[in-house]
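Below you'll find the structure, written out as structure tokens, and then a few comments.
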């Protein structure tokens, strides 16, 4: 039988489509057939992560470069998942849960997190249609509060009552909330945003502290606002294993993967192939990105445009004379 290590490495060209509501993200990349055998795996000893050598059985600490690479990979996966959920779902409410030190030990992360889970699971049990994304964040005093995007539940089911206050982007307080009287008195002095003047509600069903809830006025602005929390998120600790949490009933994009080329001796530069120059989807893309280090091509195309291209309703003509000589030569030389 042929030894796996002696087998000639071949490269396969794959295409992965993430199909969102209005557009599709396409990734084109190479992958080798070589199976890499793991030489180590992480182990937890007294709450500290070490590296177990699977060949020798020795326990060692991770190098700083390994930790940074792992953190960057984790953050990248988190951002991809977060962007997918934000793109595929419309949320109605932006909610903040803050814990009262007189009702709960807010300095204890485990106590606070268990209280949050009990509260959200109780609402989910009563109203299964509840959809949410939750972003934990630390106060300046190092205590935790939670920001949530919510849909699938009515104001009455959520237990909302009008606080009598409104959103006010020029308010003195950090939460940017003011009395309605102050807002009406000073609004002519400022340029109003989408949320200015929106009523602020409180959640009567939250037993552990203080709450503010506002209706989301702009989906795009809200999505941009919550993305900043990932950069300063809690990360992996004994209690918080994720940078954000979400309900299982949220919409996710359809993912379609397919093989488009096989048995390459070496990965060819994707941007110097017919696949790149004669691709009408690329020429009509809203966004195009090529990662030269990893030889990965990504582009966004509106689903309506993609459908029209597939029907032949959007013709694409390539004028080779407008391309640099080197690129024309490569296009004629390399065919995929």
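General observations
- Only a single criterion out of (1) at pLDDT 90 or above; (2) under 19 Å from residue 99 (Cα atoms); (3) out of contact with any strand residue (DSSP E or B) (no Cβ under 8 Å at 6 or more places or on another chain) is not satisfied by residue 190, namely (2).
- Segment 25-51, residues that are within 30 Å of residue 13 (Cα to Cα) and in contact (Cβ under 8 Å) with a residue 60 or more places away in the chain: 25, 26, 27, 28, 29, 30
- Within segment 115-129, one or more residues are crowded, with 20+ Cβ neighbours inside 10 Å and more than 21 Å from residue 155 (Cα to Cα).
- Among (1) modelled with pLDDT of 90 or more; (2) assigned to a loop (DSSP other than H, G, I, E, B); (3) in contact with a strand residue (DSSP E or B) (Cβ under 7 Å, 6 or more places away or on another chain); (4) on the phi < 0 side of the Ramachandran plot, the one test that residue 234 misses: (1)
- Annotation note: of 191, 184, the sole residue that is in a loop (DSSP other than H, G, I, E, B) and free of Cβ contacts under 8 Å to residues at least 12 places away in the same chain is 191.
- Among the residues of segment 282-294, the ones that are surrounded by fewer than 17 Cβ atoms within 10 Å (Cβ to Cβ) and in contact with a strand residue (DSSP E or B) (Cβ under 7 Å, 6 or more places away or on another chain) come to 6 in all.
- Residue 200 being assigned to a strand (DSSP E or B), within 17 Å of residue 93 (Cα to Cα) and touching a residue at least 12 places away in the same chain (Cβ under 8 Å): yes
Listed here are the residues, each with its yes/no results for (1) surrounded by fewer than 16 Cβ atoms within 10 Å (Cβ to Cβ); (2) within 27 Å of the chain's Cα centre (by Cα); (3) at pLDDT 95 or above.
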{"site": "143", "(1), (2), (3)": "no, yes, no"}
{"site": "150", "(1), (2), (3)": "no, yes, yes"}
{"site": "154", "(1), (2), (3)": "yes, yes, no"}
{"site": "166", "(1), (2), (3)": "no, no, no"}
{"site": "173", "(1), (2), (3)": "yes, no, no"}
{"site": "216", "(1), (2), (3)": "no, yes, no"}
{"site": "220", "(1), (2), (3)": "yes, yes, no"}
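- Test: residue 208 is in the same structural domain as residue 105 (by TED's automatic domain parsing) and either within 30 Å of residue 103 (Cα to Cα) or loosely packed, with under 15 Cβ neighbours inside 10 Å (or both): yes
- Verdict on residue 89 being loosely packed, with under 15 Cβ neighbours inside 10 Å and under 19 Å from the mean Cα position of the chain (by Cα): no
- Just so you know, in segment 270-297 the residues that are part of a loop (DSSP other than H, G, I, E, B) and within 16 Å of residue 31 (Cβ to Cβ) include one that is modelled with the highest pLDDT, and it is 295.
- Members of segment 172-204 that are within 30 Å of residue 111 (Cβ to Cβ) and touching a helix residue (DSSP H, G or I) at 6+ places or on another chain (Cβ under 7 Å): 203
The values are calculated or read from the model by the stated rules, or taken from the named source; none is laboratory data. Since the model is a prediction, treat every value here as computed from it, not as a measurement. We place every Cβ from the backbone using ideal geometry, glycine too, and count neighbours over all the protein chains shown.
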